Structures are given as structure tokens and as C-alpha cells.
Amino acid sequence: MGQYFYDLHLHSCLSPCGDMDMTPNNLVNMAKLLGMDVIALTDHNTCLNCEAAMKVGEEIGLLVIPGMELTTSEDIHAVCLFPTLEKALAFSQYVDENRIHIRNKAEIYGRQVIMNENDEEIGEIEDLLLPGSFIGMYDAYRKAQEFGGICYPAHIDRDSLSILSVLGEIDPWCGFRTAELADISRLPELREKHPILDCMNIITCSDAHYLENMRDAQNTLTLPELTREAVIAYLDTEK
């Protein structure tokens, strides 16, 4: 077993609120400089920049997991991770077919740019990626499973766009085995209010939309090997 530094919640320039400096090369190389062993690219409601980030990761020796920050029908954010690019892209297509489509106003929300591994623009998503999908929080875990991945609630300690701020609880029926905190120091307080957290894996990630918000390597996962499958298995194991 080994200890591996991680950040499993990062946004690229494809997220409308993501800075244009968050190109595949910039964010992957910054993660490497910060000491990460494994990261996940989790843009809002899409996985279309994951291929470029994964290719950069392969070149510099950093494991990149393809993922997405899904917005559920209740306006809750959940992280979805996949073992392969093919499965991630299939889920991305499903979400695109099952979400609210309104035209992006780039002057307000920012551009949504698709890039290749050389940070060259190869496309732009015209419909805003922020609005919710038609996937409910009670269905999110099982729907991600159908595509070979996992899902867990993001930044549960935040006052908006989190499962606790919207629903007030984490219902065991949702099936989640992991929960993400933005501020790990709040874990004792939240465990007292929500005992279900004692039975869940707890991780903390940056949710960085800007290079300066990416964190130094501090938190680790204990894994038998450093692979996408091992990370997902860890997060999907009952505590």
C-alpha cells in the first residue's frame, strides 16, 4: 500500500467560471509542481477537456482521472469520476442530453473553451454549463454506476450548491460511500450533526477555478497501486 497526494476536484477553462489560464497544460503541470500524484478534471456538466488533460498527464507522469462536477435537478453539486475516457465521454453525452440548455453569455459567465493537449482551442460550448441537469441527487450515484463510474456529494460544508445546504442531510438511500469537504477542519462539527459521515470516506479538494487557488499537496489516499481503478475503488468502498 502507498500514500498518494490527490486533488480530485479541478476545473479547466471549459467551465464558465474557470479562468482562461486553466488550460490542460497549465493545470496539470501546476498540479505536478504542487506535488500531486493524482488529480481529476471535473468541469461543470461536461468531460470534454478530459482527453487533453489526460494526455498531458501521461507525458509528465501525473495520473489524471476523467470526471465531471454534475449539477443535479435540485441544484446540488456532485463529483463523478470514471476509470476510462470512453466511459466519461459517454456519461458526458448523457448529461448533455438531459440538462437545461440556455445560451451562454460569455461576457457575463465566461467562455467555455475546449482545448487539445497543446492548449490549442478546438471548440467552444455555446450553451451555458451551469444550469442543472434532470438527474436527481437520489439517482446520481446509480446513474454514474451505469456508466462505470462513481458519484459523491461535493463540498458538503458549503452554504450553497451542497447536499447539506439544500436537502439538510445525506440520505443513506442515495448510496454515496464518499463525501467531499472544502474545509476539512469542519469535519468534527459536521460529524456531530450528521453521524452518517462516520460511515463514509472523507476527502478534501480545492475545487480550483484559478491556478492560484490550487493547493499544495497535503492530503493522501492509501492505495494498493496508483491507477484510476484503484482510486475509484477506494472511493466506492464502504467504510
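Of note:
- Listed by position, the strands (runs of 3 or more DSSP E) enclosed by segment 1-96 that each have at least 1 residues that are surrounded by fewer than 24 Cβ atoms within 10 Å (Cβ to Cβ) and touching a strand residue (DSSP E or B) at 6+ places or on another chain (Cβ under 9 Å) are 2-10, 38-44, 63-71.
- S206 satisfies every condition listed in (1) of a type in the set (S, T, N, Q); (2) part of a loop (DSSP other than H, G, I, E, B); (3) surrounded by fewer than 16 Cβ atoms within 10 Å (Cβ to Cβ) except (3).
- Close pairs from segment 30-59: first at negative phi, partner in a strand (DSSP E or B) and of a type in the set (S, T, N, Q), Cβ under 8 Å, at least 6 apart: H44/T71
- Only residues that are surrounded by fewer than 19 Cβ atoms within 10 Å (Cβ to Cβ) and in contact (Cβ under 8 Å) with a residue 12 or more places away in the chain were counted in segment 209-218, giving 6.
One line per residue, one yes/no per condition, for (1) touching an Asp or Glu at 6+ places or on another chain (Cβ under 7 Å); (2) over 30 Å from E59 (Cβ atoms):
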residue: N98; (1), (2): no, yes
residue: R111; (1), (2): yes, no
residue: E124; (1), (2): no, no
residue: D127; (1), (2): no, yes
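- None of I170, I150, I156 is under 16 Å from Y6 (Cβ atoms) and either crowded, with 17+ Cβ neighbours inside 10 Å or of a type in the set (D, E) (or both) except I150.
- Qualifying positions in segment 24-72 - out of contact with any helix residue (DSSP H, G or I) (no Cβ under 6 Å at 6 or more places or on another chain) and among the hydroxyl-bearing types (S, T, Y): T42, T71
- For segment 102-137, a residue qualifies if it is outside any strand (DSSP E or B) and touching a Pro at 6+ places or on another chain (Cβ under 7 Å), and the qualifying residues are I102, N104, Y109, G110, Q112, E117, D119, L128, L129, L130.
- Against the numbered list (1) under 18 Å from the mean Cα position of the chain (by Cα); (2) surrounded by fewer than 17 Cβ atoms within 10 Å (Cβ to Cβ); (3) free of Cβ contacts under 8 Å to residues at least 12 places away in the same chain, A230 comes up short only at (2).
- K239, sole failed condition from (1) over 18 Å from the mean Cα position of the chain (by Cα); (2) farther than 21 Å from D159 by Cα; (3) surrounded by 11 or more Cβ atoms within 10 Å (Cβ to Cβ); (4) of a type in the set (K, R): (3)
- Enumeration of residues in segment 38-60 that are closer than 19 Å to V79 by Cα and not aliphatic (A, V, I, L, M): T42, D43, H44, N45, T46, C47, N49, C50, E51
We did not get these values from a lab; they are worked out from the coordinates using the rules stated. These figures come from a predicted structure and were not determined experimentally. Every residue, glycine as well, gets a Cβ built from its backbone with ideal geometry; the counts of neighbours run over all protein chains shown.
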